[in-house]
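The values are calculated or read from the model by the stated rules, or taken from the named source; none is laboratory data. Given the structure is predicted, the values throughout are model-derived calculations rather than measurements. Note that each Cβ is placed from the backbone with ideal geometry, even for glycine, and that neighbours are counted across all protein chains shown.
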Amino acid sequence: MIVAISGSLRRSSVNSAAIRAAAGWAGRHGIEFMIDDHLSILPVFNPDTEAEAPPAVEAFRKVLELADERVGAAAHVTQLTDRFSIPV
């Protein structure tokens, strides 16, 4: 099974659209493909509390463990880095 995660929670995200397109292609070719949405309920990462992971984190870890492959789609930050970069 392939598990896909979009790095954007925005409904009209291009990243999510790419993941949905990949899921459609996979389905037409008999490939098991799951779009995971745990990202929307995961707490902010805090290494101090990693040992006592909330149920959402444990569920997300389990999904990733069971996956044969993992795919992620995330926005690049070129605009952000270009806008705030310091010229050398």
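Screening I41 against (1) out of contact with any helix residue (DSSP H, G or I) (no Cβ under 6 Å at 6 or more places or on another chain); (2) loosely packed, with under 14 Cβ neighbours inside 10 Å leaves a single unmet condition, (1). If you take the residues of segment 66-75 that are hydrophobic (A, V, I, L, M, F, W, C) and surrounded by fewer than 13 Cβ atoms within 10 Å (Cβ to Cβ), which of them is modelled with the highest pLDDT? Out of the qualifying residues, it is L66. Only residues that are part of a helix (DSSP H, G or I), modelled with pLDDT under 90 and either closer than 18 Å to A75 by Cβ or over 17 Å from the mean Cα position of the chain (by Cα) (or both): list them for segment 16-65, please. Within segment 16-65, L39, S40, P47, D48, T49, E50, A51, E52 qualify. Taking segment 1-12 as the range and being touching a residue at least 40 places away in the same chain (Cβ under 8 Å) and in a loop (DSSP other than H, G, I, E, B) as the test, the residues that pass are M1, G7, S8.
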